[in-house]
Structure formats: C-alpha cells, structure tokens
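Below: one structure, written as structure tokens.
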Ligand SMILES: *Cc1c(COP(=O)(O)O)cnc(C)c1O
C-alpha cells in the first residue's frame, strides 16, 4: 500500500477489525456459537431488534465472530461496509438476486467461475434476466455491450483456469456511464494483489474459502463496498434467505487471514518460478500466467495488480491421457478441486473449475482437455519445481 498514513496490508491483516471483539483480556477473537443473544431489559431488546442500537439478536442475522471476520476483510479491501455468507457462491448469488428483477440485463465475461457461469446460464434466465456473455479479454465487446444498457456489469479477474485479465478501470467507467452496478470477483487476486474498489468497482466479492482463509478448512464468502446502502440491501437479502456464515468458519477464516500477505506473496513468487520453468518443458504446449511477458494481458495485469497471484495453468501434449498419468506422480500436491491453500493443489480443468461444461463448451472457452490448473502453495519453490521435474520424467514428457 502506498498511503503513508495507513498501515500496510500485512499489518492490517494481523490487527484489523479485532479489538472490539476481544473479551476477558483474550488476545484472540473468541468463537461465540450462541444462536441467540439475551436481554433482561425489554426496551433495550426492542432498540437492538429494530436496529436503533448496536447489538446481536439472532445468529442468522449477526454474530460477533462473524462480524470480526467482516471487519477485517472490509479493512483489507479499503471498503466501508461488508457482509458475509456461508460460501463464495452464496455471496455471488445473493448479490445478484438482491438487485436483479425480471427484464433486467447483465453483461459479463465467458470465463467466470463455473458456478457463477451456471447462475448466468441456468438460474437467471429462469427469472427473466437476460445475460450477455463477452469474450474474456475483448474489451471493445465488453464496453459496447455495457453501453447498450445493463443493471449489472459482472467481472472476474484473473479468471479460472486460464488466468485471463480484464481491465477493471476501463470497464468500470463504461459500467457507470451505463448506470450499471460494477461487481468484481476478486478471489484469485486477493486484496494483496488487487483492489477493485480503488479501480472503480462498486462491489467486490470473495470466496473466502480460497486465499483469504488459505487453509482449505472453512467455507465462506464476503461482499464489500464503499456504499453502505448497497451492502445493507445485500445483508437484508441474506438475513432472510439464510446463507449465513458459521461462527466456527469465521474463526478459522480470521486466523487464516492473519498470514494472508505472507502466503500470497510467497505463492506469487513460486507461481512465477514454476511458470518460467514450465515454459522450458518440451511436453508442455502452453503456459498461462499473467506474470509472463508473453501473456496476452500482461500489460493490463502489470497496471492494475501489485502481484500476479498464485494461480497458473498449463497444457500438456497427449491431453487427458498425459494428465491422468502425470498428476498422481506429484509428491507435493493435493489433487483436489480447491485452490488458494498453503498446500500446492493441482487438477484438470475438466474435473475442477469447468466440470459442469461439455468438452465442446470447454473448447469454445479455449480450455484444452489437457489443461492442468495449479494453485501454488507456500512450500519451497525449488522443491515444487523438482517435484514437477521428476513427475514429467516419470511419464516421459519432455525434461
Ligand atoms: C471457488 C470460487 C467461487 C465459489 O466459492 P465457494 O466458496 O466454493 O462457494 C467463486 N469464485 C471463484 C473465482 C472461485 O474460485
């Protein structure tokens, strides 16, 4: 962070948002699993219940541990307001359903997260919302479609799994000219590498399950923004529809976030080294990482991100067959669907991010069947590269 009057993100990740929740001299935020909060004074109870006085009533609405989680994310994203959810998908769906009505139009990119894409192709059309998909990275098309008018311009950058980059500033300007709400999924970048609010977004979403928590042991989602009224509207939708974050998850996510800066910087360093190595492997056809100078959106990434993130992908010769043999040979990688964890995690796009799609749909999205997504962990980068080397050797794919 460049603002000299503000502590840096590394410091905020450790300290922000916790103080008012500490009790009995505890130095760590307690888990408060209580479903309800009691009052002897009927007038005070009433005042809290109608929102005139601060306090908690019922766990589906608010909870102190969950609020501490929201406060920390709010500070890390430089936002004024935040509300949390049981999962990242709940954050996304609740945000969309809060604002969209039959007849509304959404403009988005083709490469959104698989679940998000399903909301756009399946659930929104069911309620009469029209969704316009644009080629990810085609800014002319995005701006042109946005200018035709839309209620929400929905972006995600970098994208899953080919880490394409969209220019947030440029698109946010087009969105605001059209009177749209600009929503950005910042899960891959994290606030360490990218601040969409500062680039003009109205709402920023996270699957906290991934990098924010960082330990693959708790599900969660969060939405932040500058405008209290927007977040208040989403909060209201969530408190009634019920996708509330669990206090135990909030505790784990809070604990994970203390090391966010350390983890994400290490993950990005490793990703750069691994991507550079993969480029030299004979049996690797393509490497996708925004930090590589030959990445088609490298210039935009350099402009709007302070780091290129821990996610990369690569395509091997021999397609699915090679993937099937190669991945089990890795010693230091979970073969799993999650990402953003301290352990390196690998998976074929056809089984993870885009399992809902047909091979034809994946091909149309530019996702080769032999594509492997890598979420770099916090292990030593050289150990990870050595591990890939021995795996390639074992299946006789290049050197
Ligand atoms: C995982 C993910 C989501 C969904 O989050 P869940 O916590 O799994 O519901 C949304 N967006 C992106 C970019 C993701 O990686």
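Observations
- Whichever residue in the range 37-68 is more than 19 Å from residue 236 (Cβ to Cβ) and touching a helix residue (DSSP H, G or I) at 6+ places or on another chain (Cβ under 6 Å) and, among such residues, is surrounded by the most Cβ atoms within 10 Å (Cβ to Cβ): 68
- Considering residues of the range 211-233 that are surrounded by fewer than 24 Cβ atoms within 10 Å (Cβ to Cβ) and assigned to a loop (DSSP other than H, G, I, E, B) only, the residue nearest to the ligand (Cβ to nearest atom): 219
- Index of the failed condition, residue 78 passing every other in (1) outside any helix (DSSP H, G or I); (2) away from the ligand (no atom under 16 Å from the Cβ); (3) touching a strand residue (DSSP E or B) at 6+ places or on another chain (Cβ under 6 Å): (3)
- Residue check for residue 331: in a loop (DSSP other than H, G, I, E, B), farther than 21 Å from residue 158 by Cβ and touching a residue at least 12 places away in the same chain (Cβ under 8 Å): yes
- Among residues of the range 327-350 being out of contact with any strand residue (DSSP E or B) (no Cβ under 9 Å at 6 or more places or on another chain) and surrounded by 14 or more Cβ atoms within 10 Å (Cβ to Cβ), the one that is nearest to residue 220 (Cα to Cα) is 342.
- Residue in the range 22-41 that is part of a helix (DSSP H, G or I) and more than 16 Å from the ligand (Cβ to nearest atom) present: no
- Test for residue 105: is it assigned by TED's automatic domain parsing to the domain that holds residue 174, in contact (Cβ under 8 Å) with a residue 24 or more places away in the chain and either in contact with a strand residue (DSSP E or B) (Cβ under 7 Å, 6 or more places away or on another chain) or crowded, with 22+ Cβ neighbours inside 10 Å (or both): yes
- Test: residue in the range 252-261 that is outside any loop (DSSP other than H, G, I, E, B) and over 30 Å from residue 30 (Cα atoms): no
- Candidates 146, 159, 187 - the one that is surrounded by 24 or more Cβ atoms within 10 Å (Cβ to Cβ), in the same structural domain as residue 91 (by TED's automatic domain parsing) and more than 16 Å from the ligand (Cβ to nearest atom): 146
- Residue list for the range 290-322, filter: part of a helix (DSSP H, G or I) and more than 23 Å from residue 378 (Cα to Cα): 298, 299, 300, 303, 304, 319, 320, 321, 322
- Only one of the numbered conditions (1) part of a strand (DSSP E or B); (2) out of contact with any strand residue (DSSP E or B) (no Cβ under 8 Å at 6 or more places or on another chain) is violated by residue 366, and that is (1).
- Any chance residue 118 is within 16 Å of the ligand (Cβ to nearest atom) and touching a strand residue (DSSP E or B) at 6+ places or on another chain (Cβ under 6 Å): no
- Within the range 304-326, restricting attention to residues that are without any contact (Cβ under 8 Å) to a residue 60 or more places away in the chain and closer than 26 Å to residue 110 by Cβ, the residue that is nearest to the chain's Cα centre (by Cα) is 315.
- Residue 112 assigned to a loop (DSSP other than H, G, I, E, B) and either touching a strand residue (DSSP E or B) at 6+ places or on another chain (Cβ under 6 Å) or away from the ligand (no atom under 16 Å from the Cβ) (or both): yes
- Exactly one residue out of 345, 351, 358 is away from the ligand (no atom under 16 Å from the Cβ) and not assigned by TED's automatic domain parsing to the domain that holds residue 212, and it is 358.
The values are calculated or read from the model by the stated rules, or taken from the named source; none is laboratory data. Everything numeric in this text was worked out from a predicted model, so none of it was measured. Note that each Cβ is placed from the backbone with ideal geometry, even for glycine, and that neighbours are counted across all protein chains shown.
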